[in-house]
Amino acid sequence: MTQQRPKFQFPLHPGAQGEDVAQAQTILVELGLFIAPVELRERRFEPTTAEAVSRWKERHGLPTDGGLDLEALDRLWADGRKLPRVVHGVVSLADGTPAPDLHVVAIDRDFRAEQILGEARMDDQGRYCIAYSVADTLRAEKGAADVGIRVFTADGKTVLRASTSRDLVMNAPVEARIDVTVSLPEGSVPSEFARIAAALAPLMGKVPVADVGRDPSSDEEDFLASHGKN
């Protein structure tokens, strides 16, 4: 299992290498700064990392010496926690059909606890998108979330799918994607007819269905059919 991103304990300077460097690099890249792939891969504090550090320090009016003392690292940590983050994806049935109108809850998983990051209802293509901020939702010592989702029926009463430990996006980046497949118990989602009727109800108001198209010169049926396709 990927280790949770801990808070920095030691200063970092050009030439350093290791997990602390990798954590600082991750935050800098999430903040939109460039670091060469080879430095990221080798977790080395080399020229492009030093340049990214200098550019970040410029934003905060700090001396651009390329190094990161503990005060600067605390500030970098805080910047990473403030970044807006999102988890999104598609929920579908086994045959690939999108499963619309279900309820999705995103969670941050800990060893023996979890915290809700946000929730959303899927659109008619089975897509969901949940925004969250680490600073707003996670305890102070966590720099990133271990993100999973739970998919519920539309009424929120029945769990259709829950992320296991193996499904989690550990130390989730700014944008994480989780696609899942679910099986629907009978009656857990409205029929196609019920969905169309619900969509047309605001347009029809109090007009009885039997009255629609009664006037041969009217194009009411075509009008409602056009909306029913959207």
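With the requirement that a residue be modelled with pLDDT under 95 and over 25 Å from the mean Cα position of the chain (by Cα), what does segment 23-46 give you? None; the set is empty.
Restricting attention to segment 175-185, the residues that are within 18 Å of residue 134 (Cβ to Cβ) and surrounded by 15 or more Cβ atoms within 10 Å (Cβ to Cβ) total 2.
When segment 47-93 is limited to residues that are among the polar types (S, T, N, Q) and over 21 Å from the mean Cα position of the chain (by Cα), the one that is nearest to residue 171 (Cα to Cα) turns out to be 49. On inspection, residue 7 fails the criterion of being farther than 26 Å from residue 147 by Cα and either of a type in the set (Lys, Arg) or touching a strand residue (DSSP E or B) at 6+ places or on another chain (Cβ under 9 Å) (or both). Looking at segment 50-62, I want the residues that are within 13 Å of residue 24 (Cα to Cα) and have a partner that is of a type in the set (Asp, Glu) and in a helix (DSSP H, G or I) with Cβ atoms under 9 Å, at least 6 apart or on another chain. Which pairs are those? Pairs found: 56/79. Residue count for segment 103-117 under the criterion of being more than 16 Å from residue 159 (Cα to Cα) and in contact with a helix residue (DSSP H, G or I) (Cβ under 9 Å, 6 or more places away or on another chain): the result is 4.
I'd like to know if segment 28-43 contains one or more residues that are of a type in the set (Phe, Trp, Tyr) and under 21 Å from residue 171 (Cα atoms).
Restricting attention to segment 28-43, the residues satisfying the condition of being of a type in the set (Phe, Trp, Tyr) are 34.
Still in the list and also under 21 Å from residue 171 (Cα atoms): 34.
Within segment 28-43 (the criterion being of a type in the set (Phe, Trp, Tyr) and under 21 Å from residue 171 (Cα atoms)), the answer is yes, since at least one residue qualifies.
The values are calculated or read from the model by the stated rules, or taken from the named source; none is laboratory data. What you see is a predicted model, and the numbers here were worked out from it, not measured in a lab. Note: ideal-geometry Cβ built from the backbone for every residue, glycine included; neighbour counts use all protein chains shown.
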